[in-house]
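Below is one structure, written out as structure tokens, with a few remarks after it.
The values are calculated or read from the model by the stated rules, or taken from the named source; none is laboratory data. Only a predicted model underlies this, so the values are computations on that prediction, with no experimental measurement involved. Neighbour counts are summed over all protein chains in view; Cβ atoms, including those assigned to glycine, are modelled from backbone coordinates with ideal geometry. For the accessible areas, the whole protein counts, side chains as well, though only heavy atoms, and no ligand, DNA or RNA atoms are used. Shrake-Rupley method; radii C 1.70, N 1.55, O 1.52, S 1.80 Å.
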Amino acid sequence: MLDFIYYPVSAILWVWHTAFAAVLGPVSGLAWVLAVIFLVLTLRAALFLPFLKQARTQAAMQRLQPRVKAMQQKYKDDPVRRNTEIQQLYKDNGVNLFASLIPMIAQVFVFIGLFHVLRSFDRTGTFDYLPFGRTAAMTPEQNAATANYLFGPSDVQSFLHADLFGAPLSATFAGAGELASTVALVALPLMLIAAVATHFTARASMDRQTGATQLPFMRTLSLWVFPAAAILGGALLPVAILLYFVTNNAWTLAQQHFVYRRLDAETAAEAKRVAATRADAAPKPGVKPKRR
């Protein structure tokens, strides 16, 4: 159903695994680990400019908030006029609300694609997670002999035998069985790192919002509920997916820091330019202003 997502994600993962396997060997677990990490880095790098646009849109909306509030009060009895005026205000200031959603939508699609491709390396059990669709169970022999998108049977077997410090990449903390202790030593730190990165990413974003635009419920949700979900939900995810979350969340935290510093520098430069323009236009001491 979502092959337009699965095949591109599979292709990028295949390219990186092929590159690292050429150096580390085709059965190397590290080659798979690096392939997942560099898949995330590749896709997030491609989304950097849309993310920058999103950050600028959010900053512009923050600056326009007082004017929006004034319009809401002025046209409180005329919702059509109110919405028209606010949309025109956003348009005049280059704010495109839909464009700001592109990074979020793209990341959702990437996660769907990566989850499905990695989950499809092991099709020995049925799974029915929307929107992935239901996949009938295969025997281990059938699974090992069946290609997974761009990955041939040999790649499927390689992934199923790949591990990170002894923890199979296809294993989950909740269903590790005899390997539970080994998987826990790898999965728990990854889950904690993902949760911490989620918390500090949300905190940095919240700290830039004014009190008028902050909702206590959303603050609690972003700062504490989502990080807790990263820990609790991580127990049900394969180690390979946890690697995705850690890499993605770490990238988001670093990227957010870089982009916010850049936006602050741009804002300071613009304020300095405006101040210089006003100073040049102001009458000089001892000189009478010209009358028009």
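The mean sequence distance of close C-alpha pairs (under 8 Å, at least 6 residues apart), as a share of the length of the chain, puts its relative contact order at 21 percent. Candidates (i) 91, 46, 35; (ii) 91, 61, 34; (iii) 52, 43, 37; which is the computed Cα extents along the principal axes in Å? After the calculation, the listed value that fits is (i). Based on DSSP H segments of at least four residues, each scored -39500 (n - 2.57), the chain has a per-residue ellipticity at 222 nm of -23000 deg cm²/dmol. Under the simplified labelling scheme, the Ala184-Ala271 pair shows an inter-label distance of 5.2 nm, with each label point 7 Å from Cα along Cα→Cβ. Placing R0 at 30 angstrom, the Cβ-Cβ distance between Leu101 and Ala228 gives a FRET efficiency of 0.75 after rounding to 0.05.
Are there DSSP H segments in the chain that both extend 18 Å or more along their axis (alpha-carbon positions) and score a mean Kyte-Doolittle hydropathy of at least 1.0? List them, or say none. Helices meeting the span and hydropathy rule in the chain are 3-24, 29-46, 102-119, 180-207. Past the 29 Å Cα-Cα mark, which pairs from Lys76/Lys272; Lys69/Lys272; Lys74/Lys272? Those over the limit are Lys76/Lys272; Lys74/Lys272. Amide H contacts of Leu164: Leu169, each under 5 Å away and 5 or more positions distant or on a separate chain (H built 1.01 Å from N in the peptide plane; Pro and chain starts excluded). Stretching the chain fully between Lys69 and Ala204 yields a gain of 46.2 nm (0.36 nm per residue, less the alpha carbon separation). Put simply, when 274-281, 218-225, 74-81 are sorted by average Cβ atoms within 10 angstrom per residue, most first, you get 218-225, 74-81, 274-281. Of Gln255, Gln58, Gln73, the residue with the greatest mean-square motion in the GNM of the chain, using alpha carbon springs below 10 Å, is Gln73.
Sorted largest first by accessible area at a 1.4 angstrom probe radius, with every protein chain in place, the residues Met206, Met104 fall in the order Met104, Met206. Of the residues Phe245, Phe258, ranked by 1.4 Å probe accessible area with the largest first, the sequence reads Phe258, Phe245. Note on the chain: with charges restricted to the Cβ of Lys and Arg (+1) and Asp and Glu (-1), its dipole about the Cα centre is near 2660 debye.
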